[in-house]
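Read-outs throughout are calculated quantities, based only on the coordinates presented, and are distinct from any laboratory measurement. In this text the structure is predicted, and so the values were computed from the model without any measurement. Glycine gets a Cβ as well: all are built from the backbone with ideal geometry, and neighbour counts include every protein chain shown.
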Amino acid sequence: MPAGLAPEGPRDASGHAEPWLELHNSGANPASLDDYFLSDDPLAPRRWAFPAGTRVPGGGFLLVWLDGQAGESTPEAPHAAFRPTARDGVVVL
């Protein structure tokens with residue numbers, strides 16, 4: 001899972017270059033992320049749940065924004081409720 005923040009990289013719907021990660025589904029069928037979570041704390045792995053109906057298409061990718069703006073989340077453009085720290089940048093699925 002590559003993660004990054006680059007001025008030339010992806011921008012969210014507001015046009016901001018925010019931290020992000022990308023999930024890849026190497027299978028042929030869509031992968032549901034219902035009941036899956038992301039966190040920046042391995043001791044609290046259920047910090048943020050993917051919006052209901054979020055899927056990674058078969059053979060495809062899903063970009064997940066790590067900008068702390070969960071209110072902007074949709075199944076097609078999820079925004080996690082946390083922003084990784086610059087110190088360690090840990091993200092667990």
Note to self: When you check S14 against the structure, is it surrounded by 14 or more Cβ atoms within 10 Å (Cβ to Cβ) and among the hydroxyl-bearing types (S, T, Y), yes or no?
What the structure shows: no
Check: In the stretch 43-93, which residue that is surrounded by 13 or more Cβ atoms within 10 Å (Cβ to Cβ) and β-branched (V, I, T) is nearest to G27 (Cα to Cα)?
Finding: V56
